[in-house]
């Protein structure tokens with residue numbers, strides 16, 4: 001009987017509260033405005049700074065030909081012999097294996113680059129699919145300056161507009177090489193993904 005009475009008192013208070021809603025104390029905190037200051041430098045510079053601070057390797061390319069030369073020089077320098085790439089635009093110049101798990105490096109494009117956090121936005125709608133940027137020990141991303149946005153919310157908004165309500169089944173945000181501090185609080189890279197991440201940004 002006491003339990004039923006206590007329950008009824010709680011429900012009564014809930015009904016009273018719902019009938020007299022209290023205004024939000026901080027209405028601007030509901031996500032309608034960005035909490036970050038707008039960009040003060042070019043997005044290329046901001047992205048490069050943030051990306052390299054996270055141990056990403058960044059290269060600026062003046063053209064697609066310049067990019068191809070720089071990527072080939074990297075492959076030669078690192079002595080990589082198995083490059084996996086399923087992106088139609090880059091398959092012919094770079095790809096020489098169909099075995100993703102056994103490759104030295106994988107090459108993908110991206111949906112967008114987020115300057116503020118140094119993040120690559122990838123999706124299942126890309127030709128490379130879900131796994132290419134994760135399974136290879138080295139991930140090389142090729143992007144264009146017109147894919148740069150300042151914040152994550154900008155990337156998400158553009159994704160909605162690009163796919164017009166048919167959002168890809170997977171959107172991932174890759175920010176530097178894979179890392180974890182779960183093992184005795186020691187930072188270890190390459191545990192759940194690539195040990196090295198490169199971004200070749202082409203001026204467009």
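Read the figures in this text as sums done on the coordinates, not as results from a lab. The structure displayed is predicted, hence computed values, not measured ones. Don't worry about glycine lacking a Cβ; one is built from the backbone with ideal geometry, like all the others, and counts go over all protein chains shown.
Points to keep in mind about this one:
- Neighbour-count ranking [beta-carbon atoms within 10 angstrom, fewest first] of 51, 200: 200, 51
- Sorted peptide list for 102-111, 130-139, criterion being average Cβ within 10 angstrom, highest first: 102-111, 130-139
- Annotation: the antiparallel percentage among DSSP beta bridges lying fully within segment 40-202 is about 30.
- Linear extension gain, residue 163 paired with residue 54, 0.36 nm per residue minus alpha-carbon span: 36.3 nm
- Full-extension gain in nm, residue 124 to residue 7, via 0.36 nm per residue minus C-alpha separation: 37.3 nm
- Ascending count of other beta-carbon atoms within 10 Å, so fewest first, for 15, 116: 15, 116
- For 4, 172, 128, order by how many other beta-carbon atoms lie within 10 Å, fewest first: 4, 172, 128
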